[in-house]
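The values are calculated or read from the model by the stated rules, or taken from the named source; none is laboratory data. Only a predicted model underlies this, so the values are computations on that prediction, with no experimental measurement involved. So basically every Cβ, Gly included, is an ideal-geometry build from the backbone, and we count neighbours across all protein chains shown. Ligands, DNA and RNA are excluded from the accessible area calculation, which covers all protein heavy atoms including side chains. Shrake-Rupley method; radii C 1.70, N 1.55, O 1.52, S 1.80 Å.
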Amino acid sequence: MVKISVTSKLDGIKSWSLQALDTCPGSIESPGVLVDACKGCYATTGNYRYPNVKAPREHNKTDWQRMDWVEDMVDALGDSRYFRWFDSGDIYSLGLAEKILEVMQRTPWVKHWLPTRMHKFPKFKLVLQTMAELDNVSVRFSSDSVTGEFISGLHGSVIVPSSDFETSATLCKAYENGGKCSGCRACWDKSIEIIAYPAHGLKMSKVIMLKKAN
Ligand code: SF4
């Protein structure tokens, strides 16, 4: 059975996730060292440490390998207009990526947002490109930076140190709305090249402070 989460931050939009870091090969800069953005990852703190939040993510890691998983995901999406992949975790397996692509192709009425770091691995290039070419899919390649650097031309997202940070990217304004999207759907909008998320949480603040000190 697929385990779908409903995220209050996303106005109740459904999402499907895996456990952070365990399924994030793109989080590793060098053996034992995480990229800056993953050092402060929100999905390794707070509620994400509770067993009832971890359990569905761990379940999903084996569940996607079932023969009828794609069918079940299409059913679970129902008449949703928006869907978020990977509130935590990443498409660590090519087999999973190919199944997600099939779900996206079979649900053209749903706008899919999929953030990832798997573009670092050449074998994922074709499947990610095929997803990105679909009209209903916004694949966002996550920058490793926590200080606003991103690759221009790569449809993606980046963390910036604060909400008043000067950037040419489109700033996420969830902080103005109690941390909720409140009707904004910019992350799903293919025409918006880069979304900038102001850093939040103690863990990320420490990463940024250390970065600035070095
Ligand atoms: S940019 Fe908009 S859609 Fe994306 S997380 Fe922020 S508020 Fe939500």
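General observations
- Within the stretch 44-91, considering residues that are of a type in the set (Val, Ile, Thr) and more than 26 Å from CYS181 (Cα to Cα), the one surrounded by the most Cβ atoms within 10 Å (Cβ to Cβ): VAL70
- Residue-level analysis places ARG117 among those that are within 16 Å of ASP87 (Cα to Cα) and crowded, with 20+ Cβ neighbours inside 10 Å.
- Selection within the stretch 171-188: residues that are part of a loop (DSSP other than H, G, I, E, B) and more than 8 Å from the ligand (Cβ to nearest atom). The member of this set that is nearest to VAL160 (Cα to Cα) is GLY179.
- For SER88, the conditions (1) under 18 Å from the mean Cα position of the chain (by Cα); (2) at pLDDT 95 or above are fulfilled apart from (2).
- Residues that are in contact with a helix residue (DSSP H, G or I) (Cβ under 9 Å, 6 or more places away or on another chain) and open to solvent by 70 Å² or more (accessible area, probe 1.4 Å) do not occur anywhere in the stretch 148-163.
- So PRO108, is it touching a strand residue (DSSP E or B) at 6+ places or on another chain (Cβ under 6 Å) and at pLDDT 95 or above: no
- Pair list, Cβ under 6 Å, 6 or more apart: the stretch 167-183 residue open to solvent by less than 60 Å² (accessible area, probe 1.4 Å), other residue more than 9 Å from the ligand (Cβ to nearest atom) and modelled with pLDDT of 90 or more: THR167/GLY148; THR167/VAL160; ALA169/ILE194
Here's the yes/no breakdown for (1) within 15 Å of the ligand (Cβ to nearest atom); (2) in contact (Cβ under 8 Å) with a residue 40 or more places away in the chain; (3) open to solvent by 70 Å² or more (accessible area, probe 1.4 Å):
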position	(1), (2), (3)
LEU134	no, no, no
SER145	no, yes, no
LYS190	yes, yes, yes
PRO198	yes, no, no
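- Among residues of the stretch 66-100, those that are of a type in the set (S, T, N, Q) and more than 21 Å from THR130 (Cβ to Cβ), counted: 2
- Total residues in the stretch 93-114, condition aromatic (Phe, Trp, Tyr) and crowded, with 20+ Cβ neighbours inside 10 Å: 1
- Whichever residue in the stretch 200-214 is outside any helix (DSSP H, G or I) and open to solvent by 70 Å² or more (accessible area, probe 1.4 Å) and, among such residues, is farthest from ARG84 (Cα to Cα): ASN214
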